[in-house]
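Participant: Questions regarding the structure given below will be posed in turn.
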Amino acid sequence: MSSVMSWSLDARTPVRLLAAATEAPAGAVVLAEDGAPLPAGTMRVERYATPVPGPHPIGCACCQPRNPVAIALDRLFLARTRSETPWFKEVVALAHTAAGRAAVVAALAEDSVTVARFRAG
């Protein structure tokens with residue numbers, strides 16, 4: 001009987017959604033909803049605004065802008081690749097509203113560029 005070993009390597013950067021800024025580790029890279037309190041000693045902060053429902057009821061891609069969380073994560077990714085910020089292995093997300101938390105979850109599940117670079121952690 002042969003044994004089959006199965007493994008995978010997920011090189012995407014984890015994004016950890018926290019309930020409070022006090023849970024963030026020192027020196028963290030933070031993705032924060034506008035108005036969310038920030039932890040002390042962060043390495044870099046990227047803010048995002050809670051998405052506003054678009055005027056088109058169907059919400060097709062041609063009428064809807066990208067999720068602001070996805071855009072903020074793009075800025076973090078590019079800053080890391082351009083050496084504008086020290087290399088980081090994790091992003092801490094802080095959202096103080098239900099809509100902010102939903103925007104983070106949606107970006108990590110639905111935005112193809114974000115899904116290729118980041119994962120829920």
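The values are calculated or read from the model by the stated rules, or taken from the named source; none is laboratory data. This structure is a prediction, so every number in the text was calculated from the model and none was measured. Here the Cβ positions follow ideal geometry from the backbone for every residue, glycine too, while neighbour counts run over all protein chains shown.
Participant: If you go through the stretch 14-37 one residue at a time, how many are exposed (fewer than 14 other Cβ atoms within 10 Å of the Cβ), hydrophobic (A, V, I, L, M, F, W, C) and touching a Gly at 6+ places or on another chain (Cβ under 8 Å)?
Facilitator: Residues in the stretch 14-37 being exposed (fewer than 14 other Cβ atoms within 10 Å of the Cβ), hydrophobic (A, V, I, L, M, F, W, C) and touching a Gly at 6+ places or on another chain (Cβ under 8 Å): 1 in total.
Participant: Identify all residues within the stretch 79-117 that are surrounded by 19 or more Cβ atoms within 10 Å (Cβ to Cβ) and acidic (D, E); write none if there are none.
Facilitator: Passing the criteria: only D111.
Participant: Which numbered condition trips up R119, out of (1) part of a helix (DSSP H, G or I); (2) at pLDDT 95 or above?
Facilitator: Checking R119 against (1) part of a helix (DSSP H, G or I); (2) at pLDDT 95 or above, the one that fails is (1).
Participant: I've got another one for you. Please specify each residue of the stretch 1-27 satisfying the condition of being hydrophobic (A, V, I, L, M, F, W, C) and closer than 10 Å to A93 by Cα.
Facilitator: Matches in the stretch 1-27: V15, L17, L18, A19, A20, A21, A24.
Participant: Name the pairs: first residue in the stretch 96-121 and touching a residue at least 60 places away in the same chain (Cβ under 8 Å), second residue in a helix (DSSP H, G or I) and surrounded by 15 or more Cβ atoms within 10 Å (Cβ to Cβ), Cβ to Cβ under 6 Å, at least 6 apart or on different chains?
Facilitator: A103/V69; V104/V69; R117/F77; F118/L73; A120/L108
Participant: Name the residues in the stretch 69-107 that are over 22 Å from M43 (Cα atoms) and either within 13 Å of the chain's Cα centre (by Cα) or not small (G, A, S) (or both), would you?
Facilitator: T97, A102, A103, V105, A106, A107
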